[in-house]
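The values are calculated or read from the model by the stated rules, or taken from the named source; none is laboratory data. Predicted model, so just to flag it, every value in this text is computed and none were measured. When we count neighbours, we look across all protein chains shown, and the Cβ atoms used for this are built from the backbone with ideal geometry, even at glycine.
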Amino acid sequence: MIKRRKSRKIFVGKVAIGGNSPVVIQSMTNTDTKDVGKTVQQIKRLEQAGCELVRVAVEDEKAAWAIARIKSRISIPLIADIHFNYKLALLAIENGADKIRLNPGNITNRQQIEKIITCAKKYKVPIRIGLNSGSVKRTDKSKLADDLIKSARLYLGVFKNLNFNQIVFSVKTPDVLTTIQAYRRMAEITDAPMHLGITASGPWQNGIIKSSIGIGVLLLEGIGDTIRVSLTSDPVDETKVAKQILSSLNLRNQGIEIISCPTCSRCKIDLIKIVKQAEIKFSNFKMANLGQRIKVAIMGCVVNGPGEAKDADIGIAWTGKCGVLFKKGKKVKLVNRKELLKTLYTEVSK
Ligand code: SF4
């Protein structure tokens, strides 16, 4: 059981972050924010995959104006990602952004920050102070965590002076160990909720491994209130990986978990292909349909299969000619290859 760090609860729209609320999954669109149709379409796919907060890049005034139209067509809260131009932060908030992200590396003028905070107070919108390795002047690489903390303290001071505590922090770098170190130190400095992530973590495989280790270690230590897995991939993939990280740490008990064996010479079926098909088939399940976590086992043989997957709610182990359907480790019936996935899907749907 993970003992979560006590953080202040804030609200992004109707979604709570911190204060022992469930760790929230978020992602970011990669469409042109001004293209409302495409952006809404991607957000709908993210919602369906289990994303609970979504961020869009606001590069110019037109993108800030688009927020109102996007928001009217989606169900999850929308976050505006702001860099360099403080006026875009004001415009995004006025157009209905539920939260904004500022980069302390490129909005540094105190009067401008004050204007943003005044506007955020008026509209009751929280702000993420989103530091990353690009936010600080490079000194010594080994001192990156120190530099990030120094910059975070300075920004935090401004927010404290203006009596604004509706903040979330992030201190992301592409280096897993530096990121872990920076978040640990931030967690001691402030009780603000933490948004976890490894920035620019790289292509699919690298990104998943680095994010799982970095985010996983911090969550295990109780640090982290919302997570964003950054992948050079479809943002829907980020959401799927985020869900897997939370579910692996028992921080989410919702959704389908596929358990499958690595295969060996006892396996007389193309299990790799079947499991890939199952992943696609079960990804169609809407999170809303599942009030619980369902473990589905797909095992290559009956010698070890049912035993190794006895914790599964339902599963199939291949015998060579047909599959044995089992529930909670008990054999239920035999199924042929063609019916295998359909049977599993039907049983889970029940
Ligand atoms: Fe091999 Fe059977 Fe274990 Fe799969 S379940 S790895 S096929 S022994």
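The residues on offer are G37, G13, and the sole one that is modelled with pLDDT of 95 or more and under 18 Å from the mean Cα position of the chain (by Cα) is G13.
Being in contact with a Leu (Cβ under 6 Å, 6 or more places away or on another chain) and over 29 Å from Y345 (Cβ atoms), is that true of even one residue in segment 192-209? The answer is yes, given that some residue of segment 192-209 is in contact with a Leu (Cβ under 6 Å, 6 or more places away or on another chain) and over 29 Å from Y345 (Cβ atoms). Would you be able to say whether some residue in segment 303-311 is assigned to a strand (DSSP E or B) and modelled with pLDDT under 90? Taking every residue of segment 303-311 in turn, none turns out to be assigned to a strand (DSSP E or B) and modelled with pLDDT under 90.
The residues in segment 296-325 that are among the polar types (S, T, N, Q) and more than 9 Å from the ligand (Cβ to nearest atom) can be counted, and the count is 1. Number of residues in segment 233-287 that are touching a residue at least 24 places away in the same chain (Cβ under 8 Å), within 16 Å of the ligand (Cβ to nearest atom) and hydroxyl-bearing (S, T, Y): the value is 2. Looking at Q48, is it crowded, with 16+ Cβ neighbours inside 10 Å, polar (S, T, N, Q) and at pLDDT 95 or above? No: the conditions fail for Q48. A single entry from S260, S233, S201 fulfils the requirement of being over 16 Å from the mean Cα position of the chain (by Cα) and of a type in the set (S, T, N, Q): S260.
Quick test for you: out of T33, T39, pick the one residue that is assigned to a helix (DSSP H, G or I) and among the polar types (S, T, N, Q). Working first, answer last.
Values: T33 fails: assigned to a helix (DSSP H, G or I).
Result of the check over T33, T39: T39.
Filtering segment 183-200 for residues that are away from the ligand (no atom under 16 Å from the Cβ), touching a helix residue (DSSP H, G or I) at 6+ places or on another chain (Cβ under 9 Å) and farther than 24 Å from I127 by Cα leaves an empty set.
For segment 241-258, what are the residues that are part of a helix (DSSP H, G or I) and in contact with a helix residue (DSSP H, G or I) (Cβ under 6 Å, 6 or more places away or on another chain)?
Quick first cut of segment 241-258, residues part of a helix (DSSP H, G or I) only: 241-248.
Passing the criteria: V241, I245.
When the residues of segment 220-262 are filtered to those that are polar (S, T, N, Q) and crowded, with 24+ Cβ neighbours inside 10 Å, the one that is modelled with the lowest pLDDT is T239.
Answer yes or no: is there a residue in segment 109-122 that is in the same structural domain as A64 (by TED's automatic domain parsing) and under 22 Å from T179 (Cα atoms). Within segment 109-122 (the criterion being in the same structural domain as A64 (by TED's automatic domain parsing) and under 22 Å from T179 (Cα atoms)), the answer is no, since none of the residues qualifies.
Table: residues versus (1) outside the structural domain of I129 (by TED's automatic domain parsing); (2) surrounded by fewer than 17 Cβ atoms within 10 Å (Cβ to Cβ); (3) in a helix (DSSP H, G or I); (4) modelled with pLDDT of 95 or more.
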residue: K62; (1), (2), (3), (4): no, yes, yes, yes
residue: A68; (1), (2), (3), (4): no, yes, yes, yes
residue: A80; (1), (2), (3), (4): no, no, no, yes
residue: A92; (1), (2), (3), (4): no, no, yes, yes
residue: R101; (1), (2), (3), (4): no, no, no, yes
residue: G105; (1), (2), (3), (4): no, no, no, no
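Buried (at least 20 other Cβ atoms within 10 Å of the Cβ) and over 26 Å from I209 (Cα atoms), is that true of I316?
In short, yes.
Cβ-Cβ distances below 7 Å connect the following pairs, each with a first residue in segment 115-142 that is under 20 Å from M186 (Cα atoms), a second residue that is among the aromatic types (F, W, Y) and part of a helix (DSSP H, G or I), and a separation of six or more residues or different chains: I129/Y155. Note on segment 107-118: among residues that are surrounded by fewer than 17 Cβ atoms within 10 Å (Cβ to Cβ) and in a helix (DSSP H, G or I), the one that is modelled with the lowest pLDDT is R110.
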